[in-house]
1. Can you name the residue in the stretch B:351-392 that is open to solvent by 10 Å² or more (accessible area, probe 1.4 Å), over 22 Å from B:ILE304 (Cβ atoms) and among the small types (Gly, Ala, Ser) and, of all such residues, is farthest from ligand 1 (Cβ to nearest atom)?
2. Restricting to the stretch B:155-188, what's the tally of residues that are within 16 Å of ligand 1 (Cβ to nearest atom) and loosely packed, with under 12 Cβ neighbours inside 10 Å?
3. Could you list, in sequence order, the residues of the stretch A:12-29 that are open to solvent by 30 Å² or more (accessible area, probe 1.4 Å) and either within 14 Å of chain B (Cβ to nearest Cβ) or within 10 Å of the chain's Cα centre (by Cα) (or both)?
4. Restricting attention to helices (runs of 4 or more DSSP H) lying wholly within the stretch B:294-398, give those where 3 or more residues are away from ligand 2 (no atom under 16 Å from the Cβ).
5. If we keep just the residues of the stretch B:258-293 that are at the interface with chain A (Cβ under 10 Å from one of its Cβ atoms) and not in a helix (DSSP H, G or I), which is most open to solvent (accessible area, probe 1.4 Å)?
6. Quick one: in the stretch A:66-89, which of the residues that are more than 8 Å from chain B (Cβ to nearest Cβ) and among the charged types (D, E, K, R) is farthest from B:TRP283 (Cα to Cα)?
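The values are calculated or read from the model by the stated rules, or taken from the named source; none is laboratory data. Computed from a prediction, not measured in an experiment: that's the story for all the values here. When we count neighbours, we look across all protein chains shown, and the Cβ atoms used for this are built from the backbone with ideal geometry, even at glycine. Quick note on the areas: whole protein, heavy atoms, side chains included, nothing else; ligands and nucleic acids left out. Shrake-Rupley method; radii C 1.70, N 1.55, O 1.52, S 1.80 Å.
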Amino acid sequence: MRREKVPACVHPETYKYFLDRDAVIPTWQRLAARWGEPRHNTSFRTMEIAAPRFTLRSTVLGNPITVLRRRECTADDVAELHALLGYRE
Amino acid sequence: MAIDSDLAARLAMQYEPATYRRRIAGHDVIIHCHHYNARLQRTIEGARGIDGKGIIVGAAETVFADQLARALRPDDDEARRWAVAELLYRHLGFGRIDLSQVGAGIVTADSSHFVEGWLAGLGESADNVCSFTEGYVQGAVYAVTGAAVRVREVECMARGAERCRFEVDRGERPPVTPNRKEPPIPAPREPGAGWLRSPHVDEQAIIDAVVGMPMVGDDAGLIPAFSVYLANMPADFYNRICIGFVEAMRGLGRDKTAIRLLVSDAEHCGMNTFRGIMHSPEWDGLIAPMVRDRADALHAIIAISNALGWGDWHVTAHTPRSLALESRYGYEAVGYREFRGLAAAPQCAMLTGVAAGVMELVYGEGTVEERYGTFSAREERCVSCGEASCNFAVEQVE
Ligand SMILES: [Zn+2]
Ligand SMILES: [Zn+2]
């Protein structure tokens with residue numbers, strides 16, 4: 001998997017994480033187990049999990065996942081998320 | 001505080017499809033992002049020789065004293081009135097304020113739209129940045145207790161503090177300026193004609209989707225949508241600060257510079273906000289499948305801006321090097337007529353700048369700074385001058 005920086009957003013460190021195709025379902029299952037089931041927005045065809053330190057949002061296809069960090073988000077928070085996503089820097 | 005159905009009804013948004021206006025507690029609100037709001041504040045407060053901070057604090061005080069008065073009910077006890085004041089701030093997307101110690105002269109905020117905007121776009125600040133919140137709290141104290149007070153921020157998250165902290169000074173000061181204005185000019189009744197549309201872009205689906213989004217603050221009082229922070233700002237606030245800024249600068253013979261600065265802020269906003277939007281999952285989910293070329297992207301962006309309440313504006317001519325737009329009910333022009341009557345010259349700095357910024361985003365290349373200034377826009381006719389619509393012409397700079 002890889003990630004791409006997204007410009008001009010809520011946080012200077014905003015990325016889209018592109019999951020491998022067969023990792024999409026298990027990854028969202030891990031995220032839901034940690035922070036709750038995703039909410040769907042039918043008119044925009046998006047889904048999201050609102051965690052305390054970031055919002056995880058994607059189209060209904062589940063990939064890529066845009067991670068919008070809150071300002072309070074720490075390196076530990078990011079490390080935990082990366083472990084769940086299976087992302088290594 | 002739990003939001004009961006009575007409070008929810010008081011703050012429910014009413015949408016007017018004919019003009020795309022959104023109304024909350026008796027005020028038309030316009031949705032802009034944290035980049036624009038912080039930048040506008042920096043421009044007005046950064047101008048030398050005028051009291052820019054006073055303009056922002058005064059406008060917030062006047063407008064929110066009025067909006068809160070409309071959200072309060074005669075049988076609300078004082079605790080409930082303070083609760084409404086906290087809730088309106090959060091609901092509109094400005095962050096989270098704690099008014100529980102206001103009687104002791106202390107107000108704190110642990111989340112702030114303006115601080116987010118400042119840190120995201122402008123970097124750490126040497127000064128406290130929450131002038132808007134100072135004005136809001138002054139307006140809230142007035143709406144709840146009838147007392148005119150001064151509120152001063154003494155610690156700010158934009159300077160690294162854990163929370164913003166405000167002190168309330170109850171010394172003598174003049175009463176709060178009422179939000180006096182003429183009734184709005186009538187909205188156009190006839191459907192518009194002669195507008196260009198893209199066969200691929202379902203503008204109404206975009207508008208319905210944006211209007212259907214719950215544009216209210218989350219637990220922290222923020223609205224993260226389209227990968228930016230949005231807020232519902234009363235149109236009267238924007239009009240008061242922009243008219244006040246231009247008039248104060250006129251006193252120094254610098255009103256043309258003031259308008260140029262306001263256009264420039266909007267030009268940056270047009271690029272930054274919509275660049276964020278075009279990279280967002282919402283865009284990928286609904287809009288990207290409709291977009292086949294750059295012209296489609298432009299039509300989609302205009303549809304989104306209409307849903308945000310910017311101006312009921314539409315494309316009348318378009319090439320990759322030029323754009324013409326007609327706006328029928330922009331908040332700047334309508335607001336100028338309400339506050340000042342007929343204008344001698346066009347007043348819609350925000351739409352003028354955004355018109356250029358959108359062309360720079362859609363057809364330009366490189367970074368925002370490299371694109372800036374590559375298109376120029378001017379407003380040729382304006383509702384504020386008595387015309388039937390505002391008309392904007394954008395051209396590539398040779
Ligand atoms: Zn602050
Ligand atoms: Zn105008």
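1. The extreme case among them is B:ALA388.
2. Qualifying residue count, the stretch B:155-188: 2.
3. Matches in the stretch A:12-29: A:PRO12, A:GLU13, A:PHE18.
4. Because the criterion is at least 3 residues that are away from ligand 2 (no atom under 16 Å from the Cβ), the helices (runs of 4 or more DSSP H) in the stretch B:294-398 that meet it are B:294-307, B:349-363, B:368-371.
5. Among those residues, the one meeting the criterion is B:HIS279.
6. Taking the candidates together, the pick is A:ASP76.
This table checks each residue for (1) of a type in the set (A, V, I, L, M); (2) assigned to a loop (DSSP other than H, G, I, E, B).
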| position | (1), (2) |
| --- | --- |
| B:ASN128 | no, yes |
| B:TYR136 | no, no |
| B:GLY139 | no, no |
| B:ALA158 | yes, no |
| B:ARG165 | no, no |
| B:GLU172 | no, yes |
| B:PRO175 | no, yes |
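Matching residues to (1) among the polar types (S, T, N, Q); (2) out of contact with any Pro (no Cβ under 8 Å at 6 or more places or on another chain); (3) under 22 Å from B:HIS268 (Cβ atoms); (4) not assigned by TED's automatic domain parsing to the domain that holds B:VAL263:
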{"residue": "B:ASP4", "(1), (2), (3), (4)": "no, yes, no, yes"}
{"residue": "B:ALA8", "(1), (2), (3), (4)": "no, yes, no, yes"}
{"residue": "B:TYR15", "(1), (2), (3), (4)": "no, yes, no, yes"}
{"residue": "B:HIS34", "(1), (2), (3), (4)": "no, yes, yes, yes"}
{"residue": "B:ILE44", "(1), (2), (3), (4)": "no, yes, yes, yes"}
{"residue": "B:ALA47", "(1), (2), (3), (4)": "no, yes, yes, yes"}
{"residue": "B:ILE56", "(1), (2), (3), (4)": "no, yes, yes, yes"}
{"residue": "B:ASP66", "(1), (2), (3), (4)": "no, no, no, yes"}
